[in-house]
Amino acid sequence: MEQKTVNLTVNGKQTTLAIDPRTLLLQVLREKLGLTGTHQGCDTAQCGACTVHVDGRAIKSCSILALQVDGRSVTTIEGLAQGDELHPVQEAFRECHGLQCGFCTPGMVMSVVALLAENPKPTEAQIREHLEGNICRCTGYQNIVKAVQHAAGVAA
Amino acid sequence: MTDMSNSPIGQRVVRREDKRFLTGAGRYTDDIVLPGQTWACFVRSPHAHARIVRIDTAPALASPGVLAVYTGEDIAATGVGSIPCGWLIHSKDGSPMKEPAHPVLAVGKVRYVGELVAIVVAEDYASAKDAAELVEVEYEVLEAVVDTASAEKATALVHDDAPNNLCFNWSHGDEAAVEAAFASASHVARLDLVNNRLIPNAIEPRAANAEYHRHDDSYTLYVANQNPHVERLLMCAFVLGIPESKMRVIAPDVGGGFGSKIFLYAEETALVWATRRVGRPIKWTAERSESFLADCHGRDHVTTAEMAMDDQGHFKAMRVRTTANVGAYLSTFASSVPTILYGTLLAGQYRTPAIHVEVRAVFTNTTPVDAYRGAGRPEATYVVERLVEQCARVMKLAPAEIRRRNFITEFPYATPVGLSYDTGNYAATLDRAMELADVAGFPARKAEAARRGKLRGLGYSCYIEACGLAPSNIAGQLGARAGLFEAGEVRVHPTGTVTVFTGSHSHGQGHETTFAQVVADRLGIPIDNVEIVHGDTGRVPFGLGTYGSRSLAVGGTAIVKAVDKIIAKGRKIAAHILEAADDDIEFSNGEFRVAGTDRKLSFGEVALAAYVPHNFPLDKLEPGLNENAFYDPTNFTYPAGSYVCEVEVDPETGTTTIEQFVAVDDFGNIINPMIVEGQVQGGIAQGLGQAMLEQCVYDPDSGQLLTGSMLDYALPRATDIPRIVLDTRCTPCTHNPLGVKGCGEAGAIGSPAAFINALTDAVGVTDIRMPATPERVWQAIQARA
């Protein structure tokens with residue numbers, strides 16, 4: 001198939017790639033850029049393991065062509081921590097045991113970072129509502145909700 | 001051993017594996033790309049049952065980027081064996097179960113939608129997928145056998161060599177004693193139950209990457225798997241005929257298993273077979289729709305259960321008749337799940353003196369059914385705890401009261417179904433659960449709900465499970481074709497840091513933390529000096545893997561035994577250097593000390609002496625400090641607990657909300673309470689998923705999977721799972737040095753019955769089928785009115 005050029009800023013780094021036009025953003029991140037922290041868990045935009053930020057908004061990278069985000073800024077789980085210092089949401093997941101197998105975790109974290117940017121003090125109901133687009137099979141969501149509350153500094 | 005004030009045992013140590021998972025540095029199978037990587041796409045059967053008339057691979061082979069296309073005939077021609085079942089069950093007439101051939105790729109016939117028909121290997125996945133669509137397969141569609149309960153009466157046969165689609169008819173217990181007890185019973189409670197079929201859905205899809213090394217004629221297989229040594233053994237010895245010494249299986253980070261990644265699957269077997277022929281590494285990662293079709297499913301039992309009681313509600317005998325669907329082929333543990341892991345658990349927490357169970361396992365044209373979180377024990381608990389609640393209703397006794405009247409209170413206790421419970425205190429967990437659930441306040445809450453037009457119900461589930469699989473000699477008598485011990489190696493480095501190799505595998509359980517806590521405690525060294533290695537047959541001596549909540553009880557004990565050998569050798573080294581008798585050396589807080597003196601050596605000094613043996617008892621001891629241990633348990637462990645669920649139902653809509661869920665478990669000693677709570681919470685969420693949401697649906701005629709995506713199959717979301725109140729009570733396991741029992745499956749085992757008992761209590765009916773969707777609840781309310 002004819003290759004197309006896509007320009008992306010990924011985790012602050014500008015990159016230009018020649019890609020098959022049917023390539024998903026998720027595939028560009030994982031296969032072209034080696035950013036394997038973003039995971040594919042389903043084919044139907046249900047599980048949210050592939051969640052990344054495009055211009056600060058959480059999107060499911062399995063359901064968008066890389067060409068659709070041409071010229072935009074993408075943040076993945078690899079771009080969240082400052083060196084060795086975890087982002088407060090990452091730290092909260094760790095302290096609250098908000099992860100087990102770790103596979104849904106990058107998507108969960110990216111989704112939660114976006115939530116707190118929009119709504120810094122969410123209620124428990126708002127947190128659970130927001131997390132509807134991310135499936136976790138390990139934790140039963142208990143400690144994920146707790147981690148979000150911890151990161152937001154709201155009482156559990 | 002350290003004094004308890006410094007001990008990491010019992011501490012909420014934050015997990016050491018988390019940093020890599022939180023920063024995207026985890027390394028799952030699909031993250032691995034090997035030099036020269038190729039990709040595979042499988043051609044799968046679109047029919048539940050069909051004869052393969054003709055396969056034409058030529059158009060696919062001519063497709064761009066395609067390197068190879070192989071069919072079942074190609075593989076069969078190389079003398080490859082059948083995918084084996086690990087457990088031989090005998091029918092009650094003594095005949096062995098029917099074990100039809102389970103080919104890697106279908107030969108002659110396909111028997112479920114999703115069965116592998118061909119493998120296409122190409123330069124990239126898109127090319128492989130494009131070409132897979134060009135493989136032309138002509139099928140002659142046959143009648144499909146789909147329904148569990150009627151499979152024996154179906155006109156079609158899944159396998160010609162399994163008449164009536166019966167795999168086996170297993171029975172267990174004293175039938176004559178049970179019949180006699182029923183003949184003289186004052187009261188009988190009876191329930192017809194369905195344990196709904198589930199699709200596991202670990203969030204990481206199954207994946208494999210196989211590579212053949214020409215330089216030494218060996219293989220490496222990366223695979224999302226819970227027990228790499230078992231995978232290697234089954235694939236090498238039974239299917240491909242490759243020496244185990246030529247195969248390295250690595251299960252790197254694995255994104256959840258819940259049983260579904262225990263088994264040897266056809267996909268990775270085909271990759272290993274093909275990689276040598278293609279001459280390049282081949283990778284396959286399941287799309288989610290493939291996970292739905294081809295990961296082994298769980299449960300799928302149809303049961304009638306009866307309890308005979310005296311006039312005081314004492315249980316006299318229990319009779320259980322179950323039909324269990326094993327799907328189209330026998331998967332690795334398929335035959336043990338509805339038998340050994342089910343029938344032996346039917347005593348529950350009660351002194352029922354006679355129990356008889358008969359299980360008819362049937363083949364159907366559906367995906368193979370095998371272990372899913374709990375594996376047989378959730379099915380058993382669902383039968384026992386639903387039936388016990390029904391007994392209470394028949395006897396007009398409070399559900400807690402009838403349980404107390406029948407609780408086992410003296411240990412050890414030999415059940416009539418072959419287990420020996422070593423310890424427990426069932427009243428203690430029930431008392432605590434009732435206190436936390438404020439059962440005393442329930443009537444007032446029910447009345448208040450009634451004023452709002454709502455129905456409120458309370459339900460109990462007092463489960464028991466047998467974990468720590470298993471004493472190999474007992475398992476062998478019961479048909480296991482493998483041992484069920486575990487292995488551990490402790491390698492002390494010259495500087496005193498330690499690498500521990502365990503045959504258990506962590507795919508979310510946190511072994512790298514819990515096992516390090518155990519080792520750090522026993523050696524009296526900082527936890528940061530302990531590394532845990534798992535999931536690699538090239539590094540770990542041997543292993544049986546992780547399933548059945550066995551990791552700490554069996555795998556942890558193997559490590560403890562290896563550590564104790566290290567300490568024993570360390571004492572001899574210290575005795576030599578300190579010029580004392582071996583028996584005078586004490587080891588505590590990481591120091592070897594001559595008793596009653598201040599002459600001592602640190603653990604690190606002894607380690608260094610072992611590797612720089614200038615002053616060393618070389619006449620009596622080998623240098624180095626590296627020990628192996630294999631541990632075979634003497635009994636199962638018996639975690640138990642009491643769950644109390646309170647629900648409120650809106651009779652207008654059938655919508656049910658869980659107002660409260662209390663779980664009080666007895667897991668014996670607990671190493672890391674934070675991790676244990678996480679396991680219970682996750683298990684309960686899966687159990688409530690089964691009870692409220694999840695149902696695998698096949699079209700009854702065509703055998704097409706109708707719930708084949710996350711859009712069609714309802715997995716629990718954050719809004720579906722209530723807050724869960726947890727506590728524990730402790731009776732330490734009596735037969736392993738850690739006193740631990742296992743916690744990974746309890747939540748999934750105990751919770752469905754608690755929920756349905758609460759729901760039927762609220763609605764006032766005998767049964768509502770799982771998943772209790774609003775529609776089903778509404779229908780039950782209408783039928784009642």
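Every number in this text was worked out from the coordinates using simple rules, so none of it is lab data. Note that the coordinates shown come from a computational prediction; the quantities given were computed from them, not determined experimentally. Here the Cβ is made from the backbone with ideal geometry for all residues, glycine too, and neighbour counts use every protein chain on show.
Arrange B:666, B:712 by Cβ neighbour counts within 10 Å, fewest through most, would you?
Details: B:666 26, B:712 14.
Fewest-to-most ranking of B:666, B:712: B:712, B:666.
Expressed as a rounded percentage, what relative contact order does segment A:11-156 have, with Cα pairs under 8 Å and six or more residues apart? Intermediate values should be presented prior to the final figure.
Numbers: 233 pairs, mean separation 37.5, N = 146.
Here the relative contact order equals 26 percent.
Given Cβ point charges of +1 (Lys, Arg) and -1 (Asp, Glu) and nothing else, what value in debye, to the nearest 20, does the dipole of segment B:457-545 about its Cα centre take?
Details: 4 positive and 8 negative charges, 47 e Å.
Its charge dipole is roughly 220 debye.
Please tell me the relative contact order of chain B in percent, rounded to the nearest whole number, where contacts are Cα pairs under 8 Å and at least six residues apart.
Details: 2022 pairs, mean separation 124.7, N = 785.
For chain B, the relative contact order is 16 percent.
Report ³J(HN,Hα) in whole Hz for each residue of segment B:519-528, in order, from the Karplus equation J = 6.51 cos²θ - 1.76 cosθ + 1.60 where θ = phi - 60°; Gly and Pro get x.
Whole-Hz 3J(HN,Hα) from phi for segment B:519-528: 6, 4, 5, 6, 8, x, 10, x, 4, 5.
Can you spot the aspartates and glutamates whose alpha carbon is less than 16 Å from residue A:13's alpha carbon? Ignore those fewer than 8 places along the same chain.
The reachable aspartates and glutamates, counting only those whose Cα sits under 16 Å from residue A:13, are A:55, A:70, A:78.
What does the structure give for B:717-729 when I average, per residue, the other chain Cβ atoms found within 10 Å of the residue Cβ? The partial results should precede the final answer.
Working: counts 10, 19, 8, 4, 7, 3, 6, 3, 0, 1, 0, 0, 0.
Mean number of neighbouring Cβ atoms from other chains: 5.
As a check on your grasp of the helix formula, calculate [θ] at 222 nm for chain B: sum -39500 (n - 2.57) over DSSP H runs of n ≥ 4, divide by the residue count, round to the nearest 500.
Details: 19 runs with 204 residues, N = 785.
The helix contribution divided over chain B gives -8000 deg cm²/dmol.
Work out the length of the dipole vector of chain B about its Cα centre, built from +1 on the beta-carbon of each Lys and Arg and -1 on the beta-carbon of each Asp and Glu, and round it to the nearest 20 debye.
On the way: 70 positive and 94 negative charges, 161 e Å.
Computed charge dipole of chain B: roughly 780 debye.
Cα-Cα over 30 Å: which of B:19/B:600; A:60/B:19; B:561/B:620; B:19/B:261? Please report the intermediate quantities before stating the final value.
Details: B:19/B:600 37 Å; A:60/B:19 23 Å; B:561/B:620 22 Å; B:19/B:261 24 Å.
Listed pairs above 30 Å: B:19/B:600.
For segment A:88-152, with only Lys/Arg (+1) and Asp/Glu (-1) charged at the beta-carbon, what is the dipole magnitude about the Cα centre, in debye rounded to 20? Provide the component values of the computation, followed by the final result.
Values: 5 positive and 6 negative charges, 28 e Å.
That gives segment A:88-152 a dipole magnitude of about 140 debye.
Long-range amide H contacts for residue B:532: which residues qualify at under 5 Å (H placed 1.01 Å from N, peptide plane, sequence gap of 5 or more or a different chain)?
For residue B:532, the qualifying residues are B:500.
Give a quick list of GluC sites (Glu not before Pro) in segment B:513-599 that DSSP marks as loop, anything other than H, G, I, E or B, with at most 14 other Cβ atoms within 10 Å.
Details: sites: B:531, B:579, B:586, B:591; in loops: B:579.
Sites meeting the loop and neighbour criteria: B:579.
Which lysines, on any chain, are close to residue B:396 with Cα under 26 Å apart, when same-chain ones fewer than 8 places away are left out?
Output for residue B:396: B:316, B:446, B:454.
Counting other beta carbons within 10 Å of each Cβ, put B:111, B:197, A:57 in order, fewest first. Walk me through the numbers on the way to the answer.
Working: B:111 28, B:197 24, A:57 11.
Fewest-to-most ranking of B:111, B:197, A:57: A:57, B:197, B:111.
Please compute the average number of Cβ atoms from other chains found within 10 Å of each residue's Cβ in peptide B:189-202.
Other-chain Cβ atoms within 10 Å of each residue's Cβ, averaged: 1.
Report, in deg cm²/dmol and to the nearest 500, the calculated mean residue ellipticity at 222 nm for chain A, where each DSSP H run with n ≥ 4 adds -39500 (n - 2.57) and the sum is divided by the residue count.
Details: 4 runs with 40 residues, N = 156.
Calculated from helices alone, the mean residue ellipticity at 222 nm is -7500 deg cm²/dmol.
With a cut-off of 8 Å between alpha carbons and a minimum separation of six or more residues, what is the relative contact order of segment B:376-500 in percent? Write down the numbers at each step before the final one.
Numbers: 79 pairs, mean separation 21.5, N = 125.
Taking the mean separation of contacting Cα pairs over the length of segment B:376-500, I get 17 percent.
Looking at the square roots a ≥ b ≥ c of the eigenvalues of the Cα gyration tensor of the protein assembly as shown, which shape do they give, rounded for a/c under 1.5, prolate if a/b is larger than b/c, or oblate? Write out the running numbers ahead of the final one.
Working: a/c = 1.27, a/b = 1.04, b/c = 1.22.
It comes out rounded by the Cα gyration axes.
Residue A:146: which lysines have alpha carbons under 17 Å from its alpha carbon, excluding same-chain residues fewer than 8 sequence positions away?
Within the straight-line limit of under 17 Å, residue A:146 reaches these lysines: A:121.
Which FRET efficiency, nearest 0.05, do residue B:611 and residue B:539 yield, Cβ-Cβ r, R0 22 Å?
0.65
Among B:631, B:426, B:382, which comes first, second and so on when ranked by fewest other beta-carbon atoms within 10 Å?
Sorted ascending by nearby Cβ count, the order is B:631, B:426, B:382.
Report, by chain and number, residues whose modeled amide H sits under 5 Å from the one on residue B:669, excluding near sequence neighbours (fewer than 5 apart, same chain).
B:733, B:740, B:741
If a/c stays under 1.5 just call it rounded; otherwise compare a/b with b/c (prolate if a/b is bigger, oblate if not). Do that for chain B, with a ≥ b ≥ c from the square roots of the Cα gyration tensor eigenvalues. Let's see the in-between values first.
Values: a/c = 1.79, a/b = 1.08, b/c = 1.66.
The shape class here is oblate.
Does segment B:23-68 come out rounded, prolate or oblate by the C-alpha gyration tensor, with a ≥ b ≥ c the root eigenvalues, rounded set by a/c under 1.5 and, if not, prolate when a/b is larger than b/c and oblate if not? Present the calculation step by step, with values, prior to reporting the outcome.
Working: a/c = 4.85, a/b = 1.74, b/c = 2.78.
Oblate shape, in that a/c is at least 1.5 and b/c is the bigger or equal ratio.
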